[in-house]
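Encoded as structure tokens, the structure appears first; notes follow it.
The values are calculated or read from the model by the stated rules, or taken from the named source; none is laboratory data. Quantities reported herein were computed from a predicted structural model and do not represent experimental measurements. We place every Cβ from the backbone using ideal geometry, glycine too, and count neighbours over all the protein chains shown. Surface accessibility is based on the protein's heavy atoms, side chains included, excluding ligands, DNA and RNA. Shrake-Rupley method; radii C 1.70, N 1.55, O 1.52, S 1.80 Å.
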Amino acid sequence: MKVLVVDIGGTHVKILATGQSAPREFASGSKLTAKAMVSRVKRLAGKWRYGAVSIGYPGPVLRNRPVAEPHNLGRGWVGFDFEAAFRRPVKVVNDAAMQALGSYKRGKMLFLGLGTGLGSAMIVDGVLEPMELAHLPYLHGRTYEDYVGLRGLKRLGKMKWRRHVFDVVERLRAALEADYVILGGGNAKLLKKLPRGARLGNNAFAFRGGYRLWRAPRKRARAI
């Protein structure tokens, strides 16, 4: 099966299809609706051939559908019929979960995506569990995302932001008893060193995860 993978982020939407070597992208932003996203993806994909679609969505997903509007995009995502819009079978998962699936090798892995926000997912012995750790309380009335997401990077500067990334990784790895942590997202490249037990991911793994969705045997169907 040829799959079109759509990776939706707070600043860009990136796409890649089976058999293609170079991703394509367009800017997203606070006014992008689900309907506009589908229209622009179909136009950008052009003559690419695909029989199914995988969507990495920046928010919680339950039973193949978003259950909350995204924090960094426009409205109209909850209740949107992606299969009718694409006229193809569609699988929708949390964007961090899709990149985690593409990064996974073995054991108990925690994925943290350092991008516009803080994406998170775990895979335990091959079972994918999307998570929503970003908005849990962290320090001084602020959340994890407030410190290690893009807002935190801009507010704190790189040096302090890096210290908080180390602290957050250590806390979450210990609390969740992960064997290892994969750090993905566009801002992971700003780290000069990696926390203990962490490895650097690659945003391209999101596309691999999108392909794997169509052969992944299990995913727990609940939002966290």
When DSSP assigns beta bridges and you keep just the ones with both residues in the chain, what percent turn out antiparallel, to the nearest 5? 55 percent
Helical contribution to [θ] at 222 nm, DSSP H n ≥ 4, -39,500 (n - 2.57), averaged over the chain, rounded to 500: -8500 deg cm²/dmol
Which of the helices in the chain meet the span-like rule: DSSP H, Cα axial reach of 20 Å or more, Kyte-Doolittle mean at least -0.5? 158-176
Close Lys-Lys pairs in region 1-155, where close means Cα under 19 Å and separation is 8 or more or interchain: 12
Enter the accessible area per residue of region 1-126 (Å², integer; probe 1.4 Å; all protein chains in place). 44 Å²
Sequence-distant or interchain residues sharing an amide H contact under 5 Å with Ala198, placed H: which? Val181
Rounded to whole Hz and in sequence order, give me ³J(HN,Hα) for region 148-154 from the Karplus expression 6.51 cos²θ - 1.76 cosθ + 1.60, θ = phi - 60°, writing x for Gly and Pro. 10, x, 5, 4, x, 4, 5
Take the Cα atoms of region 1-130, find their three principal axes, and give me the spread along each one in whole Å, biggest first. 39, 32, 25
Across 10 Å bins from 0, what is the distribution of all Cα-Cα pair distances for region 92-224, in whole percents? 13, 48, 31, 7, 0
Roughly how much of Asp179 is accessible, in Å² to the nearest 10, using a 1.4 Å probe? 100 Å²
Translational diffusion coefficient, Stokes-Einstein: compute it for the chain using the Kirkwood radius over C-alpha pairs as Rh, at 37 °C and 0.692 mPa s, and state it as an integer in µm² s⁻¹. 188 µm²/s
Charges at C-beta only: +1 for Lys and Arg, -1 for Asp and Glu. How large is the resulting dipole of region 1-143 about its Cα centre, in Debye rounded to 20? 600 debye
Which one of Tyr50, Tyr104, Tyr211 has the biggest mean-square fluctuation once the chain is modelled by GNM with Cα springs under 10 Å? Tyr50
Rounded to a whole number, what % of the accessible area of region 1-146 do carbon and sulfur atoms account for, probe 1.4 Å? 50 percent
